[in-house]
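First the structure, in the form of structure tokens, and then the observations on it.
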Amino acid sequence: MDYWPGAIHKDDFEGLPVWYERIGKADPKSIFANLTEDDLVEFHIYLAESREKLLYEVWRNRGQMSEGSICLQDCTDLGWKHMHSQAISTVKKLAALDANHYPETLKKMYVVNTPGSFTMFYKMLKPFLDPKTIQKIQIVSGNGFNELKQDIVKENIPKFLGGESDCPFLDKAGGVYGKSSSEEEEHWDEVQISAKDKFELKFKLKKDDLVAYRFRCDSKDIGFQVSEEISKSTLVPYTRYDQGKTIEGEVTAPIEGEYLLRWDNSFSKLTKKKIKYSIHIEQQSEGTPAL
């Protein structure tokens with residue numbers, strides 16, 4: 001692997017190494033075009049054991065053990081391109097691996113620069129995290145500098161987080177060859193909705209399954225809502241969205257049922273609308289089919 005957007009950089013007040021990772025800079029499409037899941041698991045184990053070795057060296061030199069090290073996860077540029085089924089599946093396996101084999105190497109994890117899509121990703125991954133790990137996660141607004149400076153001197157905090165330390169390696173974009181997918185390279189489905197008509201997608205979901213959606217309309221505006229058909233409940237209220245704006249969101253199924261995503265053009269007497277959309281379903285149970 002040429003590089004991963006993560007590295008140990010400097011140390012904290014206790015002299016323990018700090019791990020920084022910029023997951024939003026990684027390019028899943030590029031990574032999985034060149035590497036297998038086994039490659040990534042092996043690489044993750046190498047990183048985890050390298051950090052563990054450094055921790056034990058510090059503890060041995062000090063003559064005592066303490067809590068593990070600080071990890072910072074920078075979510076800048078985290079977005080729909082990371083909604084990659086193979087990537088999400090691999091991250092779940094890595095989370096389980098860490099919980100089973102490296103439970104005491106983490107003292108605290110800061111999650112910073114979180115975009116709106118972060119909530120969706122965290123909902124997907126949280127059930128696979130160890131409860132002890134969840135207690136150590138601090139999701140903070142902005143770049144987290146005010147929180148970091150309580151654990152790390154300003155001179156050791158990278159400049160991209162408001163500190164004074166140069167860290168060129170972490171400034172790189174991710175991907176095996178430094179290649180990052182543009183929105184136009186990402187997958188979109190496309191449909192044309194006639195005037196006075198609508199377009200619907202229906203899914204049968206189990207309780208706690210998650211549906212993530214993204215769409216945009218190419219002309220004027222389009223109505224959109226999400227509902228559950230059996231209980232007749234509305235999960236995303238009907239709203240009309242202007243052309244050119246990419247809309248993203250997610251719904252977690254409160255009950256087992258039939259969930260309907262509806263794009264509405266019935267209010268238009270003459271104008272047909274073209275929409276591009278992407279849907280991702282994250283199952284908390286097996287066997288969720290589209291109707």
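Relative to the longest principal axis of the Cα atoms of the chain, the long axis of helix 85-101 lies at roughly 30 degrees.
Charge dipole of segment 1-91 (Cα centre as origin; +1 on each Lys and Arg Cβ, -1 on each Asp and Glu Cβ, all else neutral): 160 debye, rounded to the nearest 20. Comparing Cα centroids, segment 25-89 and segment 120-140 end up 15 angstrom apart. For the cross-link pairs LYS232/LYS273; LYS126/LYS149; LYS107/LYS245; LYS53/LYS92; LYS25/LYS92; LYS25/LYS136, the ones whose C-alpha atoms lie over 30 Å apart are LYS107/LYS245. Farthest towards the positive end of the charge dipole of the chain, among the residues GLN192, TYR20, ILE8, is the Cα of GLN192, using unit charges on the Cβ of Lys, Arg, Asp and Glu. Of the labelled figures [x] 22.8; [y] 16.0; [z] 16.8, only one reflects mean projected area of the Cα convex hull in nm² as derived from the coordinates, namely [z]. Charged neighbours of SER194, selected by a Cβ distance under 13 Å, balance to +4 (K, R count +1; D, E count -1).
No value in this document is a laboratory result; all are computed from the given coordinates. All of these numbers come straight from a predicted model, not from anything done at the bench. We place every Cβ from the backbone using ideal geometry, glycine too, and count neighbours over all the protein chains shown.
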